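Let me begin by presenting the structure, written as structure tokens, before commenting on it.
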Amino acid sequence: MPFEKGKKPVGATPFKPGYSGNPAGRPKGSLNRSTIVQQWLDIGELIRNPITKEIEKLTQEDIITLMQISQARKGNTRAYKMLMDSAYGRPRLTTEHTGGEVIPTDNDEIRKLDTGALLRRRAAIRERLAQHIINKPNTQST
């Protein structure tokens, strides 16, 4: 029987209606990996917050974020970049050609743009942290 273009012949599907190609596959209702990871990250733990120095119940996600902040404060630029990307999104390099301007194509010029954006973000965060420290009431008892 010749095939017509664009039409499936009757009975050409590999499986009978209502049957899967992998009957012993993943069971219905089983959790995917991202759900399992999220459940583990949501588990709380009593720990001393390294920033506020108070015992708090923090999730694993909070603890990991605080560790990342600690590394960034010690000068780990990769940890700092990951925090900035997480907080503000990755910086996008956009160019607009208006005719007479030179669009940077050299990697060093592009890196300078990225660094400038990161430096502005760092300055803004330092200013916010300073304001937080200034405005925070003294809760330590003597």
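The values are calculated or read from the model by the stated rules, or taken from the named source; none is laboratory data. Since we're looking at a predicted model, the values are computed, not measured. A quick note on method: Cβ atoms are made from the backbone with ideal geometry, for glycine too, and the neighbour counts reach across all protein chains shown.
Among residues of region 54-97 being under 15 Å from L129 (Cβ atoms) and not polar (S, T, N, Q), the one that is surrounded by the fewest Cβ atoms within 10 Å (Cβ to Cβ) is A87. Every test in (1) outside any helix (DSSP H, G or I); (2) within 20 Å of the chain's Cα centre (by Cα); (3) at pLDDT below 90 is passed by E101 save one, and that test is (2).
Residues of region 34-66 that are closer than 21 Å to R122 by Cα and either at pLDDT below 90 or part of a strand (DSSP E or B) (or both): P50, I51, T52. Regarding region 23-32, can at least one residue be identified that is loosely packed, with under 11 Cβ neighbours inside 10 Å, out of contact with any Gly (no Cβ under 6 Å at 6 or more places or on another chain), without any contact (Cβ under 8 Å) to a residue 60 or more places away in the chain and not in a loop (DSSP other than H, G, I, E, B)? For region 23-32, residues loosely packed, with under 11 Cβ neighbours inside 10 Å, out of contact with any Gly (no Cβ under 6 Å at 6 or more places or on another chain), without any contact (Cβ under 8 Å) to a residue 60 or more places away in the chain and not in a loop (DSSP other than H, G, I, E, B): absent.
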